[in-house]
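The values are calculated or read from the model by the stated rules, or taken from the named source; none is laboratory data. Quick caveat: nothing in here was measured; it's all calculated off a predicted structure. Backbone-built Cβ (ideal geometry, glycine too); neighbour counts: all protein chains shown.
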There are 2 protein chains.
Amino acid sequence: MSNFDSSQHHHHQQCLEMNTPMELHQVVPPPYTSSLHKLKNRLKETFFPDDPFRQFKGKPPNTKFSLAIQYIFPIFQWGPNYSFQLFKSDIVSGLTIASLAIPQGISYAKLANLPPIIGLYSSFVPPLIYAVLGSSRDLAVGPVSIASLIMGSMLRQEVNPAKDPILFLQLALTSTFFAGLIQSSLGILRLGFIIDFLSKATLIGFMAGAAIIVSLQQLKSLLGITHFTKQMGLVPVLSSVFHETREWSWQTILMGVCFLVFLLLTRHISIKKPRVFWVSAGAPLVSVILATLIVFLVKAENHGISVIGKLPVGLNPLSWNMLRFNGSHLGLVMKTGLITGIISLTEGIAVGRTFAALKNYQVDGNKEMIAIGLMNIVGSCTSCYVTTGAFSRSAVNHNAGCKTAVSNIVMAITVMVTLMLLMPLFQYTPNVVLGAIIVTAVVGLIDIPAAYQIWKIDKFDFIVLLCAFLGVLFISVQGGLAIAVGISIFKVLLQITRPKTVMLGNIPRTDIYRSIHQYKDAVKVPGFLILSVEAPINFANTTYLKERILRWIEEYAEQEETKNECGLKFLLIDLSAVSAIDTSGVAFFTDLRLLLDKKGIQVSAEFRFLHRHFHTALYTSLVKNHISNPTLTKIQ
Amino acid sequence: MSNFDSSQHHHHQQCLEMNTPMELHQVVPPPYTSSLHKLKNRLKETFFPDDPFRQFKGKPPNTKFSLAIQYIFPIFQWGPNYSFQLFKSDIVSGLTIASLAIPQGISYAKLANLPPIIGLYSSFVPPLIYAVLGSSRDLAVGPVSIASLIMGSMLRQEVNPAKDPILFLQLALTSTFFAGLIQSSLGILRLGFIIDFLSKATLIGFMAGAAIIVSLQQLKSLLGITHFTKQMGLVPVLSSVFHETREWSWQTILMGVCFLVFLLLTRHISIKKPRVFWVSAGAPLVSVILATLIVFLVKAENHGISVIGKLPVGLNPLSWNMLRFNGSHLGLVMKTGLITGIISLTEGIAVGRTFAALKNYQVDGNKEMIAIGLMNIVGSCTSCYVTTGAFSRSAVNHNAGCKTAVSNIVMAITVMVTLMLLMPLFQYTPNVVLGAIIVTAVVGLIDIPAAYQIWKIDKFDFIVLLCAFLGVLFISVQGGLAIAVGISIFKVLLQITRPKTVMLGNIPRTDIYRSIHQYKDAVKVPGFLILSVEAPINFANTTYLKERILRWIEEYAEQEETKNECGLKFLLIDLSAVSAIDTSGVAFFTDLRLLLDKKGIQVSAEFRFLHRHFHTALYTSLVKNHISNPTLTKIQ
């Protein structure tokens, strides 16, 4: 079973030489390593796969210190080389994302049932923190739609934001604190791989479902309904909408449709021509200004169009005294923090990695988690709710030519100016235009081509996607996510519990052995049954493997009768795809040998897997049980 | 990377022939199969790996019917050939296990805080049901220590057996009903593989812990303490025992020590010489008779030795009216049923498989589950609590030369006679001798050599064992089990999340590529980095793999600088140990190629894995992305 078998014709000379017995290549046991050493290696591969401290090795203490400072605060890495040229790019992109961040910040805060001003606060402090700690150059930090949706819907289970807005805000800030704590802990404990369990299929399904849920919530503003359901599901929202048709306000609907068409059109233009990214980037701010002007001029607030109302002027008030670590809602707050924390982390890391790959630089996942986590902890003390790197704004940031995290600083300063001077202007901004902005932003989360691609490549992954999508729509946002993650893990476990076993045959005139079902020219070797096992052999599959191998043997015996072939003498098990064997696996080989000894069949396990990092004890144990002899791994 | 590379020197002639380009062996895409067909195959391998209906294929309807009857009731398989010769063996073994079953039945019922008579009832009906439905010839059916312990300790959480014995009995019978329901459902739904998740290491640790907990509970009878703690843990029991030293009764202790020494001695003799199995098999009954006689003659019940007391005469009363499917304890009862059901199933199936392997016949796991499940459902309606195949008694049954399930019938009839005629004799049986019998029975569950073997072979498995052991001792019986199963599954997931990547080098003068770390003679090919990935590539590990591969490349670049080697031109990824790739895996290859294109490194994935059962869509998708060209899989 040569892996590079097509290269064999280049080795004529070598073949001739190796065919003398002297040149016989022996399979050797792995070199001895102590358990402690193995444990150390294992821990390193598990928690430090990127070996972040490699750069410190063999450096003088002085350099080590400055490297450490640069490691913790990446701003010192790029700061010294910062130039006016870079600043020119950053100021353009910073102003662009600010024009997007102000209307989106207000909108997303409303999505989370929070006062609109909290959305602006959250676009001021967190970007400044991230600029110092973060290692991505393209991330535009601020509130995002999905985390806002989840926080709003989870907290609403226990507290009514309309009746008790202060308590609701306190719980939101406390959840943000826990989200930050969890995010930075994951980074510090180097457990970042937990977010890997959200597969691409899960995320696509989840995002699409969440986008629809978010859009449905906007029907309240877009139709001008005042008595809206408190539930999030597809069915209750639609039934509520069509139950309250007499609350629909034609003025609101007219305004909503106009702005929605305008925003979707600009979005469409920017997708077609990425060079004119500013068309869609500027559209939300233009819409807000236009809508506010219209309302102000025609006094539309008296004709059934609801407006934001007065917003307080001034920067973020401190809020560490609003955090509630006791009381009856602690469990909910921690759960909300956990889920919003992991979801927003997933978005932030994925966005950072995407743009880092485009610009060919590295983003350290665990370091990013610490940066995002600290940003949320500080945020929770300065009246900000959960923030992360937003996908849509980061794309605009990238398209606008940002060079460093300075674009975030520019954005934060613009928001600061807005907070201090321009707040009275938002008094007449109608809610309907905010709804239209949210719908336009989340439409991009529905990725039908990617879903189709998954359907084409892997039907099982598509089922996972569908479960996440339908779960979010019909059960709940967290429920759909949990189901999809559960199914993904179940699939992985099933691959191990029911490993594939493939019968191999010889390709004539070669020493290559291939699957009989795939290669028509592969022929069986009389008297031999050659099986390839394709998963680690462990407690979860030894029973299955025993039953399956016995069935292979019985099937061989049946064919033997009908075809008059010679009896089965040898069972060869190809372990090249077996990456690990545990103690149950060792017992499996012993049992198998006892069982087949009685049938007069000789077992031999093919020991290619031994040139993996197997430990000596396992090797010795298998050889001692006469399951396999390293020199026995030949066919004739 | 020949798998059977040592066989290559036999193929001199073949090598010569295949080295002409005409003979180049091509990697071909897998044959097309429809999604439906693949789904069918997958379901078959998952739920019917043993293909139980194979025997029905192509048979006339008459034969099919009689085969079906034989399939459902294995008694019709061996019944027609039953002979007097077989019966002679069965009657000896049946009487032997009956002499063990009567004292153990009484003892185990007390362990579960149930009236002793329930233990005898449970040794009468279930063996008869099993004899008709079961397919093992060696299983001795009845109550077992661990399931009794778990049922007793779980139900005691909510109901006090001393204060409310009727309710406690009702809950025990209802739990038994649920246990039976779960067991037979697992069998019918062919989900038997769920018990495979209890690995050997978990079971050894769990059993040892449970044996110690059970033995500690016997200190009550062995020391004659009347006020004993209700808790099960090591610490509370020991502190209670040494707190109540004034309740210790020297008469009880003396009697206990004598019988304990006697029983352990006979057990030791029978272990040394399996031929005299009857020494340990008969010892419990002899002890009971002796102890009862002593108590009766010296009227020891008046001197501080507690006795069983009057037992009702007569066969099992019907108890289906005792099952409680409503009320506040339903949740506990279902949980107890689930845990005792799965634990007793694990014991029964493992015992059945062990002896079937010794005698070279087959036991169908799923069929056995249905048999054990139905036996418990019927049992719960006839005053029996949870039963299964007991390990110690089955070993005695096997040693005593049992041939078929008739030995269970003989045992049941003996118990029946006891129930109808001999119950008054047990009135004076002291509890202390029952305690000694239990301790002797559970001592065998502590398997130190097996634990040492696991320590030697696999340190991680030993940690699992230790967690199960310490968890049972210090947390709770169910808690220890849950922790050990959790860790086992975590280990499997970790193998996938952090797959090993191994750098391969060429063995000079061959076309074999082996791990550089294991084979000292393996040398790097200049300009090439050859990595072997050893797990399915999926959502759980693509991020890790990307980071790890980049680190390999950087390490190569560093060596290059120091050693003046030529630059890295090609990255070859050996996928021979990759058994599956999902959509995230496909995206990983595309990303990797984009990333390395910028570094001027050409990527090629080695396509041996394609001769696994891969589907065409995945193959096409990879080839389309230019990740790999089937004819590109050569080195020079």
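Given the criterion under 26 Å from the mean Cα position of the chain (by Cα) and surrounded by fewer than 18 Cβ atoms within 10 Å (Cβ to Cβ), identify the matching residue among B:K524, B:K456.
The conditions single out B:K456.
For the stretch B:131-187, how many residues are outside any helix (DSSP H, G or I), over 20 Å from B:G331 (Cβ atoms) and not charged (D, E, K, R)? Step through it out loud before you land on a result.
Taking the stretch B:131-187 first, the residues outside any helix (DSSP H, G or I) are B:134-144, B:156-164.
The next check asks that each one be over 20 Å from B:G331 (Cβ atoms); those that pass are B:134-144, B:162-163.
Going one step further and asking which of them are not charged (D, E, K, R), we end up with B:134-136, B:139-144, B:162.
The qualifying residues number 10.
Yes/no per residue for (1) over 30 Å from B:T590 (Cβ atoms); (2) crowded, with 24+ Cβ neighbours inside 10 Å; (3) modelled with pLDDT under 85; (4) β-branched (V, I, T):
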residue	(1), (2), (3), (4)
A:L374	yes, no, no, no
A:T388	no, yes, no, yes
A:N397	no, yes, no, no
A:K403	no, no, no, no
A:I413	yes, no, no, yes
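Are any residues in the stretch B:549-568 touching a Pro at 6+ places or on another chain (Cβ under 8 Å) and either crowded, with 21+ Cβ neighbours inside 10 Å or more than 12 Å from chain A (Cβ to nearest Cβ) (or both), and if so, which ones?
Result: B:E565, B:C566.
Give B:F48, B:F76, B:F56 a once-over and let me know the one that is over 28 Å from the mean Cα position of the chain (by Cα), under 27 Å from B:A131 (Cβ atoms) and modelled with pLDDT under 80. First the steps, then the outcome.
Numbers: B:F48 fails: over 28 Å from the mean Cα position of the chain (by Cα); B:F76 fails: modelled with pLDDT under 80.
So the residue among B:F48, B:F76, B:F56 that is over 28 Å from the mean Cα position of the chain (by Cα), under 27 Å from B:A131 (Cβ atoms) and modelled with pLDDT under 80 is B:F56.
Please determine, by comparing only the residues of the stretch B:154-208 that are within 14 Å of chain A (Cβ to nearest Cβ) and of a type in the set (S, T, Y), which one is farthest from A:F588 (Cα to Cα).
So the residue we want is B:T202.
When only residues in the stretch B:569-581 that are within 12 Å of chain A (Cβ to nearest Cβ) and not in a strand (DSSP E or B) count, which is farthest from A:P536 (Cα to Cα)?
B:L575
Considering only residues that are closer than 14 Å to B:M416 by Cα and either in a helix (DSSP H, G or I) or touching a Gly at 6+ places or on another chain (Cβ under 7 Å) (or both), which ones fall in the stretch B:112-130?
Our first condition is that a residue be closer than 14 Å to B:M416 by Cα; within the stretch B:112-130, this holds for B:117-128.
Residues satisfying the conditions are B:I117, B:I118, B:G119, B:L120, B:Y121, B:S122, B:S123, B:V125, B:P126, B:P127, B:L128.
The rows are residues; the columns are (1) more than 25 Å from the chain's Cα centre (by Cα); (2) not basic (K, R).
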| residue | (1), (2) |
| --- | --- |
| B:K44 | no, no |
| B:P52 | no, yes |
| B:N81 | yes, yes |
| B:P103 | yes, yes |
| B:G134 | no, yes |
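In the stretch A:93-143, what count of residues is obtained for those that are among the aromatic types (F, W, Y) and surrounded by fewer than 24 Cβ atoms within 10 Å (Cβ to Cβ)?
Qualifying residue count, the stretch A:93-143: 0.
Output the residues belonging to the stretch A:301-336 that are of a type outside the set (S, T, N, Q), without any contact (Cβ under 8 Å) to a residue 40 or more places away in the chain and outside any helix (DSSP H, G or I).
Listed by number, the list holds a single entry, A:G327.
How many residues does the stretch B:569-587 contain that are surrounded by fewer than 21 Cβ atoms within 10 Å (Cβ to Cβ) and farther than 21 Å from A:Q453 by Cβ?
Adding up the residues that qualify gives 2.
When the residues of the stretch B:277-312 are narrowed to those that are β-branched (V, I, T) and touching a helix residue (DSSP H, G or I) at 6+ places or on another chain (Cβ under 6 Å), which ends up nearest to B:L425 (Cα to Cα)?
B:T292
Please determine whether any residue of the stretch A:144-157 is surrounded by fewer than 21 Cβ atoms within 10 Å (Cβ to Cβ) and assigned by TED's automatic domain parsing to the domain that holds A:P430.
yes
What do you reckon, is A:F228 under 30 Å from B:L494 (Cα atoms), buried (at least 16 other Cβ atoms within 10 Å of the Cβ) and aromatic (F, W, Y)?
no
Of all helices (runs of 4 or more DSSP H) completely enclosed by the stretch A:410-522, which ones contain at least 3 residues that are of a type in the set (A, V, I, L, M, F, W, C) and at the interface with chain B (Cβ under 10 Å from one of its Cβ atoms)?
Passing ranges, in order: A:448-457, A:459-474, A:477-497.
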